[in-house]
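Notes to accompany the following structure.
The values are calculated or read from the model by the stated rules, or taken from the named source; none is laboratory data. Computed from a prediction, not measured in an experiment: that's the story for all the values here. Cβ sites come from the backbone with ideal geometry, for glycine too, and all protein chains shown count toward neighbours. Areas reflect the complete protein model, heavy atoms only, side chains present, ligands, DNA and RNA absent. Shrake-Rupley method; radii C 1.70, N 1.55, O 1.52, S 1.80 Å.
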Amino acid sequence: MKKFLMAGLAGTVAGVIATTQIAGPLLAQEADRKASVYEQLDLFGDIFERIRAQYVEDVEPEELIEAAIDGMLTSLDPHSSYLSPDDAEQMRVQTRGEFGGLGIEVTQEEGYVKVVSPIDDTPADEAGIEAGDFITHVDGESILGLTLDKAVDLMRGPVGSEIVITVVREGEQEPFDITIIRDTIKLTAVRARTEGTSVVLRVTTFNDQTFPNLQEGLNEQIEEAGGLDKVNGVVLDLRNNPGGLLTQAIKVSDAFLNEGEIVSTRGRDPSDGERFNATLGDLAEGKPIVVLINGGSASASEIVAGALQDHRRAIVVGTKSFGKGSVQTVMPLRGDGAMRLTTSRYYTPSGRSIQALGVSPDIIVEQPRPAPDAEEEEANARTRSEADLRGSLNNDSLSEDEIRQIEEDRAKAEATAELREEDYQLAYAIDILKGLSAFNPNRPSQ
């Protein structure tokens, strides 16, 4: 017993010595680090005073400080930035769903402004701006090297004014100019319509109106169809949706889930992590759901797609999403400004982060670009059938009601074919719902 006590004591003494030997250098390192930080702050003060005293032109001290703060934040990642009082107010207005501008969500990549997605029915959308476009010049002025906020400032202007932006697009050999007339952007968060017996919910953004618009639009379409039993499923169209409020992404996901995790966020401190779970109540009452995504689907859109995919509540169709898996917190600052800071990453229910990877569709479906020559040939082509042959026999085995039903089914099929020419991905999603309905006699197939 005595030997064990001695061994324990020796271990304790050795531990005290080791702790003292290690803690001493650590405290010294911490002191050196703090001294280095203060030296850097002194260096900043020296440079600030040199600029004020010796720069070729007079500069406002406030502008220098704001530029320094913005530079510090933008050096962290593409989504952290300083918001001046005017920018902070504009962000609050945009969150409410109405603002002035072109109607594009942008990020920064390799010094250029990259379009995440154009917003539906906005000047940028109507002018032909596409997700993935790089904007290199604004009114002939290069924006290479500018911060994202500075580049965006160049694109702002009075409603009704004209702007010319130079675009580099994949598949195009040369940059080209696009002229856009600035306008007031009024966001309709969700547009609802019915194609055949499928309800299509086009979600363009996640602002304060998204969930209320979705719930109201879905209920209206169900009522017009004559009840949920007349609907074969829902297409949730998140293509070119740049995201928005995390709270709204959670509500939209919860709208179609009865239980389980929707999303979790994890910051640098593990204790700051949060989990958000679904509550009982599925607006679609178990009807099949197809989610449409593409490279312009980002942030909040990816939360919804990832949650419904992981819970196998929906089939995700389209192309890989943008891959923005971080959460920004807007923190008010003195003087009515604000700081947008990346504070955490979000994870889908299965625990996967989509940062820089995106959500991969269950079924990859590209949106084909129209080929004018092929379209003309198809339009001019005329198919022949038995009914076109001279002297062909009439079909006298069908009643008038049966013939009428066949004609109605044919008209629906032709409408679907027209939709396929207009929007191939959406038509594909609706075809999936039809296929699923074919396996359940209680669901309408068309």
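Being in contact (Cβ under 8 Å) with a residue 40 or more places away in the chain, within 17 Å of Thr210 (Cα to Cα) and open to solvent by 10 Å² or more (accessible area, probe 1.4 Å) is the filter here; which residues of the range 258-297 pass it? Within the range 258-297, Leu283 is the sole residue that qualifies.
Condition check ((1) open to solvent by less than 50 Å² (accessible area, probe 1.4 Å); (2) more than 27 Å from Pro118 (Cβ to Cβ); (3) modelled with pLDDT of 70 or more) across all residues:
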position	(1), (2), (3)
His311	no, yes, yes
Asp362	no, no, yes
Ala379	no, yes, no
Thr383	no, yes, no
Lys412	no, yes, no
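From the list Gly157, Gly171, the one residue that fits, being small (Gly, Ala, Ser), out of contact with any Gly (no Cβ under 9 Å at 6 or more places or on another chain) and surrounded by fewer than 18 Cβ atoms within 10 Å (Cβ to Cβ), is Gly171. Look at Phe211 and say whether it is more than 15 Å from Leu201 (Cβ to Cβ) and of a type in the set (Phe, Trp, Tyr). Spelling it out, it is not the case that Phe211 is more than 15 Å from Leu201 (Cβ to Cβ) and of a type in the set (Phe, Trp, Tyr). Here Leu398, Leu436 are screened, and the one residue that is surrounded by 10 or more Cβ atoms within 10 Å (Cβ to Cβ) and either in a helix (DSSP H, G or I) or at pLDDT 65 or above (or both) is Leu436. With respect to the stated conditions, Thr188 is open to solvent by 40 Å² or more (accessible area, probe 1.4 Å), in contact (Cβ under 8 Å) with a residue 60 or more places away in the chain and either touching a Phe, Trp or Tyr at 6+ places or on another chain (Cβ under 9 Å) or not in a helix (DSSP H, G or I) (or both). Close Cβ contacts (under 6 Å, 6 or more residues apart or on different chains) running from residues in the range 232-246 that are in contact (Cβ under 8 Å) with a residue 24 or more places away in the chain and more than 21 Å from Ser360 (Cβ to Cβ) to residues that are part of a strand (DSSP E or B) and among the polar types (S, T, N, Q) comprise Asn232/Ser198; Gly233/Ser198. Within the range 87-109, residues that are modelled with pLDDT under 75 sit with their Cβ atoms under 8 Å from residues that are assigned to a helix (DSSP H, G or I) and not basic (Lys, Arg), at 6+ positions apart or across chains, in these pairs: Phe99/Gln90; Phe99/Val93.
Screening Thr319 with (1) among the polar types (S, T, N, Q); (2) more than 23 Å from Tyr424 (Cα to Cα); (3) open to solvent by 10 Å² or more (accessible area, probe 1.4 Å); (4) at pLDDT 95 or above gives one miss only, at (2). The single condition from (1) aliphatic (A, V, I, L, M); (2) open to solvent by less than 20 Å² (accessible area, probe 1.4 Å); (3) farther than 29 Å from Leu357 by Cα that Ala225 fails is (2). With respect to the conditions (1) under 23 Å from the mean Cα position of the chain (by Cα); (2) surrounded by fewer than 16 Cβ atoms within 10 Å (Cβ to Cβ); (3) farther than 22 Å from Lys434 by Cβ, Leu214 lacks only one, and its number is (2).
Scanning the range 117-146 for residues that are part of a loop (DSSP other than H, G, I, E, B), open to solvent by less than 40 Å² (accessible area, probe 1.4 Å) and of a type outside the set (Gly, Ala, Ser) yields Ile119, Asp120, Thr122, Ile129, Asp133, Ile143. Restricted to the range 191-211, and to residues there that are open to solvent by 30 Å² or more (accessible area, probe 1.4 Å) and in a loop (DSSP other than H, G, I, E, B), the residue that is nearest to Asp431 (Cα to Cα) is Gly196.
Has the range 336-350 got at least one residue that is among the polar types (S, T, N, Q) and assigned to a loop (DSSP other than H, G, I, E, B)? Looking for residues that are among the polar types (S, T, N, Q) and assigned to a loop (DSSP other than H, G, I, E, B), one finds at least one in the range 336-350, hence yes. For the range 246-257, a tally of residues being open to solvent by 20 Å² or more (accessible area, probe 1.4 Å) and not charged (D, E, K, R) returns 3. Counting the residues of the range 322-360 that are in contact with a helix residue (DSSP H, G or I) (Cβ under 8 Å, 6 or more places away or on another chain), open to solvent by 50 Å² or more (accessible area, probe 1.4 Å) and of a type in the set (D, E, K, R) gives 3. Residue pairs whose Cβ atoms lie under 6 Å apart, separated by 6 or more positions or on different chains, with the first residue in the range 425-440 and over 16 Å from Gly286 (Cα atoms) and the second in a helix (DSSP H, G or I) and not small (Gly, Ala, Ser), are Ala427/Leu419; Ala427/Arg420.
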